[in-house]
Amino acid sequence: MKTLLLWDIDGTLILSAGAGERALVVALREMFGIDGTMEGIEMAGRTDRWIARSIFKKFHLPVTAEKLTQYLDVYLAALPAELARKQGEVLPGVAEILAATHRHEGIANGLLTGNLRRGAELKLTHYGLWTHFEFGAFADDAERRDELGPHAVRRACAHHQVEFATHRVWVIGDTPHDIACGQAIGAHTVGVATGRYSVAELQACGATAALANLGDAAAFLQLVEH
């Protein structure tokens, strides 16, 4: 193993048609009896724990570790039904890239996501991608996105029993937070404009490369193998 690819999920691998946001709304109603919306809360590129804390602040709810955990447990319970409610998609090129890198002896795939581990599993299982990932870093590890990278690299090294050189680590995501997360560990970064941010905005964040999408699997593989 020489190259480590660390993947964001929402807006990078899949679009879940708003399932996560709807599950957060359901949890707010079930736990607190509040019919609210997530308007005004930045979600793209944030961790589930960060988002939950922001929701509590928006609705003036007492923020305690116990209540945040309870709320996220209710969210996870609501997520499968919301994933099934509307049809999302695996983004272009993703299935081809994951299949090719899975067969490649020199490339390892991991997750570097703001989702809780259970949420990541539910989403990626729903879209048939979970089996491509044997390790990762999740919102369970840290509330701040920038603190997740070292957890992912450490688990990658432990899983494969090799040390991945920093210049062989790539973080792939669709938001400036993903780019900053990669930069925090000295990794290369690929910004993919399949979420809310344009190629130009991702370039402006200092991404090593910014792509409109991952539809050209061969070009992506050439990039990360360079």
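The values are calculated or read from the model by the stated rules, or taken from the named source; none is laboratory data. Here the structure is a predicted model, which is why all the values come from computation and not from measurement. Cβ sites come from the backbone with ideal geometry, for glycine too, and all protein chains shown count toward neighbours.
See the values below:
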{"item": "Test: residue in the range 154-172 that is closer than 14 Å to Arg46 by Cα and surrounded by 18 or more Cβ atoms within 10 Å (Cβ to Cβ)", "result": "no"}
{"item": "Breaking point among (1) part of a helix (DSSP H, G or I); (2) out of contact with any Cys (no Cβ under 6 Å at 6 or more places or on another chain); (3) crowded, with 22+ Cβ neighbours inside 10 Å, for Thr189", "result": "(1)"}
{"item": "Only one of Thr101, Thr131 that is closer than 19 Å to Val224 by Cβ and either assigned to a helix (DSSP H, G or I) or outside the structural domain of Thr194 (by TED's automatic domain parsing) (or both)", "result": "Thr101"}
{"item": "Inter-residue pairs, beta-carbon under 7 Å, first on the phi < 0 side of the Ramachandran plot and in the range 33-58, second aromatic (Phe, Trp, Tyr) and at pLDDT 90 or above, 6+ apart", "result": "Ile34/Phe59; Gly36/Phe59; Ala52/Tyr71"}
{"item": "Lys57 vs. criteria within 24 Å of Glu39 (Cβ to Cβ) and loosely packed, with under 12 Cβ neighbours inside 10 Å", "result": "yes"}
{"item": "So Arg29, is it under 14 Å from the mean Cα position of the chain (by Cα) and over 18 Å from Ala17 (Cβ atoms)", "result": "no"}
{"item": "Test set (1) assigned to a helix (DSSP H, G or I); (2) touching a Phe, Trp or Tyr at 6+ places or on another chain (Cβ under 6 Å) - Ile51 fails condition number", "result": "(2)"}
{"item": "Residue satisfying condition, being closer than 26 Å to Gly110 by Cα, exposed (fewer than 13 other Cβ atoms within 10 Å of the Cβ) and of a type in the set (D, E, K, R), within set Glu66, Glu82, Glu89", "result": "Glu89"}
{"item": "Test result for Asp146, at pLDDT below 95 and in a helix (DSSP H, G or I)", "result": "yes"}
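Listed here are the residues, each with its yes/no results for (1) over 21 Å from Ala139 (Cα atoms); (2) hydrophobic (A, V, I, L, M, F, W, C).
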position	(1), (2)
Asp73	no, no
Leu76	no, yes
Gly93	yes, no
His104	yes, no
Ile107	yes, yes
